[in-house]
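Engineer: Can you keep this structure in mind? I'll have questions shortly.
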Amino acid sequence: MKRVYWEDLESGMVIARTVVGLDGRALLNENTRLTPSYIERLDKLGIRSVYIKDGLSDIDIPEIVSDQALAAVSHTLGESIKDINRRNLLDMGSLKRSVSLLVEDILSNRNLLIQLEDIRSYDDYLYFHSINVAIFSIMTGLTMGYPESKLMDLGLGALLHDIGMIMLDPRIGKKKSPLSQAEISVIRNHCEIGFNILKTYREVSVTTAHIAYQHHERVDGSGYPRQLDGRQILEYARIVAVADTFAALISDRPYRNGYTSTEAVTIMGKLSNAYFDPFILEAFTSNVAIYPLGSILLLDSGNLALVTSVTKTNSTRPIVHIISDSKGALLSQALELDLNKNHELNIVRRLNNQELDLLRSRIKTLVFQDQLSPAWAETANY
């Protein structure tokens, strides 16, 4: 599958992953063949990219958190935000149960890696961004050796880190043009607003509430609202700062397309020691697939290889299918290879989108010319 941005969608493309709304219902189902009306509908829903079947890398990718848990957590978070708007009240019991669902799934799938970018509409951004930040924060805390009790505190603060945003004008967050200085100042108020909301609840520890206050602080003192630096920033907040930035980078926004997870990690790596605690950033990035399932790699032998199995235990040397010979000629039948057991072969790099498009074009042409076996026919049909 490949992530395709709205402006590049074409009729006939087939959806590879169901697009889900805030209530857990499908907005567009997997295997739906796009039509002009479907493409227009995606635009109206504010969905700027979807996963499309490409035949080359359509591998089932396991979920770290189940769709059922995500639907339950998003429903609870949505109801909580409605409650605080209507009654100025948060149901902390329900929110804690939601965090428990996330922790339970993450503990059950602790060997899985972050491999896909979450695709949602602009209107659902606050909800799913908050859920993603909670998931990424819990995964990081687990890597750092946190016990379940600390994962619960961290997860609750991460889920509610942006709760102050609901008190602000939502039009500011949806602007496609750059924000004015006055609008930036308004946005920055959400940290203190969120802290003031959370500290009133006995069920929320002071350190958990400070996640809302400090998640935009930076270790070099360049953040806000109080320009704290280094160890002045609580560890929970330093974790959420990393998770929050990553989740924002991989998301589509009105003013830009989302980055891939690989690109986001590269960007964040350049900011280590300035924006982020390097130890925490390393713990976080150990949970991100460098070579995701379905990616195509160039090996130092000249062969091309499709990643078919990758976990934390083999993240740098995954199991692959060799799909070309050393000169780049496509094989009629892929050969499985465990790079962990074949140390004479090394990965040079992952193919970029332009190279992948050229490869797909080659496959289609060779199948059409009967120069590849029928085994490639399905690969070319996307």
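What follows is calculated from the coordinates using simple rules that are stated; it is not laboratory data. This structure is a prediction, so every number in the text was calculated from the model and none was measured. Backbone-built Cβ (ideal geometry, glycine too); neighbour counts: all protein chains shown.
Engineer: Can you give me the relative contact order of segment 38-123 as a percent, contacts being Cα pairs under 8 Å and 6 or more apart?
Structural biologist: It comes to 47 percent, rounded to a whole number.
Engineer: By average Cβ neighbour count within 10 Å, what is the ranking of 125-136, 153-164, 168-179 from highest down?
Structural biologist: Put in order of decreasing packing, that is 153-164, 125-136, 168-179.
Engineer: Counting only C-alpha contacts under 8 Å and six or more residues apart, can you give the relative contact order of segment 136-240 as a whole percent?
Structural biologist: So the answer I get is 25 percent.
Engineer: Express the relative contact order of the chain as a whole percentage, based on alpha carbon pairs under 8 Å and six or more residues apart in sequence.
Structural biologist: Computed value for the chain: 14 percent relative contact order.
Engineer: Still on this structure: Please compare each pair in 96/199; 82/174; 150/174; 2/364; 53/364; 53/176 to a cut-off of 23 Å on the Cα-Cα distance and tell me which ones are over it.
Structural biologist: In this structure, 150/174; 53/176 exceed 23 Å between Cα atoms.
Engineer: If you don't mind, another one. Could you please state, rounded to a whole Å, how far the C-alpha centre of segment 127-149 is from the C-alpha centre of segment 247-266?
Structural biologist: If we compute the Cα centre of each part, the gap is 19 Å.
Engineer: If we count other beta carbons within 10 Å of each Cβ, what is the order of 213, 201, 146, fewest first?
Structural biologist: Exposure proxy ranking, most exposed first: 201, 146, 213.
Engineer: For segment 183-236, run through the trypsin sites (Lys or Arg not before Pro) and keep only the ones in DSSP coil with at most 11 other Cβ atoms within 10 Å of their Cβ.
Structural biologist: Listed in order of number, the matching sites are 202.
Engineer: Based on the alpha-carbon gyration tensor of segment 109-168 and its eigenvalue square roots a ≥ b ≥ c, which shape applies: rounded if a/c is under 1.5, prolate if not and a/b is larger than b/c, or oblate?
Structural biologist: oblate
Engineer: Moving on. To the nearest 0.05, how large is the calculated FRET efficiency for residue 286 and residue 35 if R₀ is 51 Å and r is the Cβ-Cβ distance?
Structural biologist: 0.75
Engineer: Okay, moving on. Which part of segment 45-74 falls in the paramagnetic zone of residue 25, meaning amide N under 12 Å from the point 7 Å along Cα-to-beta-carbon?
Structural biologist: Flagged as within label range: none.
Engineer: Please label the shape of the chain as rounded, prolate or oblate, based on the square roots a ≥ b ≥ c of the eigenvalues of the alpha-carbon gyration tensor (a/c under 1.5 means rounded; beyond that, a/b larger than b/c means prolate, else oblate).
Structural biologist: It is prolate, given that a/c is not under 1.5 and a/b is the larger ratio.
Engineer: I want to make sure I understand the PRE zone here: with the label point 7 angstrom from the Cα of residue 8 toward its beta carbon, which residues in segment 42-62 have backbone N atoms less than 15 Å away?
Structural biologist: 48-57
Engineer: When the Cα centres of segment 7-67 and segment 284-312 are compared, how far apart do they sit, in Å?
Structural biologist: 23 Å
Engineer: Roughly what angle does helix 235-249 make with the longest principal axis of the chain, taking Cα atoms, 0 to 90 degrees, to the nearest 10?
Structural biologist: With rounding to tens, the tilt is 50 degrees.
Engineer: Mind giving me the nanometre distance, one decimal, between the label points for residue 361 and residue 203, set 7 Å out from Cα along Cα→Cβ?
Structural biologist: In this crude spin-label approximation the distance works out to 5.7 nm.
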